[in-house]
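The values are calculated or read from the model by the stated rules, or taken from the named source; none is laboratory data. Note that the coordinates shown come from a computational prediction; the quantities given were computed from them, not determined experimentally. Please note: Cβ atoms are built from the backbone with ideal geometry, for glycine as well, and neighbour counts cover all protein chains shown. Just the protein is used for accessible areas: all its heavy atoms, side chains included, with ligands, DNA and RNA removed. Shrake-Rupley method; radii C 1.70, N 1.55, O 1.52, S 1.80 Å.
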Amino acid sequence: MTFPNLRIPQLPKAAIRSLVPLTVLAGMSVVGVMVISVYGLRPAEERLRIAEQVFQSAKQAQADLQRTKAQQMRAQAAQRQLETVRQALPTQGEFTSLALALSELAKREQVKIPGMGYDIHKPEGTHPVKATIAFKAMGDYAAIYRFLSRLESAESYLVIESLDVASEHQRDQATARIVVNIKVVTYLRHEAA
């Protein structure tokens, strides 16, 4: 198989001379693109990568700050609630009236309280102090039930810490009375001097 004769046209020297500046310009353009690619584009990609890392770290820092701020807001809300509760606690001066209120409640519910014992723990700074009232209550079942129910639903911060029940039988079985040993606890707020 033979190849056909291909003729390469001959260009005049004047036409070739006019193409030389265009060829040089094209060559310089190719070299310029390669230089820009090596020295301009790759460093720009590196700068972009660094900028993305900085952006991600700033985004993480902002999220951390928002979480911290949310925690601070919750802590401040808890502090306000704690202060509200502390202000609602009775003072040591109001503690005796609390014991009197317990006695009056017992009388209204036909429960007898022969005596009360008090214990106030030693204060430590401005923290609330634990105060205990221990007493024996006697009455029939319904009266004791009403008394304990009212005691639990009292608006003051009283908590029944312990409750021991025994029955007291008298000669007549119809007059059986219940004896309850009750220990009630509250916390007293520090009185401002």
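Annotations
- Of all residue pairs spaced 6 or more apart or on separate chains, those with beta-carbon atoms under 8 Å, a first member in the stretch 137-161 that is within 13 Å of GLU104 (Cα to Cα) and a second member that is open to solvent by 80 Å² or more (accessible area, probe 1.4 Å) and basic (Lys, Arg) are ALA137/LYS112.
- Pick from the stretch 116-145, criterion out of contact with any His (no Cβ under 6 Å at 6 or more places or on another chain), in a strand (DSSP E or B) and more than 15 Å from ILE160 (Cα to Cα), ranking: least open to solvent (accessible area, probe 1.4 Å): GLY139
- Some residue of the stretch 34-46 being open to solvent by 100 Å² or more (accessible area, probe 1.4 Å), over 30 Å from ILE120 (Cβ atoms), assigned to a helix (DSSP H, G or I) and among the β-branched types (Val, Ile, Thr): yes
- Counted residues, the stretch 81-115 - those being farther than 19 Å from GLU155 by Cα, surrounded by fewer than 17 Cβ atoms within 10 Å (Cβ to Cβ) and not small (Gly, Ala, Ser): 3
- Among (1) at pLDDT 90 or above; (2) open to solvent by 90 Å² or more (accessible area, probe 1.4 Å) - the single one GLN173 does not satisfy: (1)
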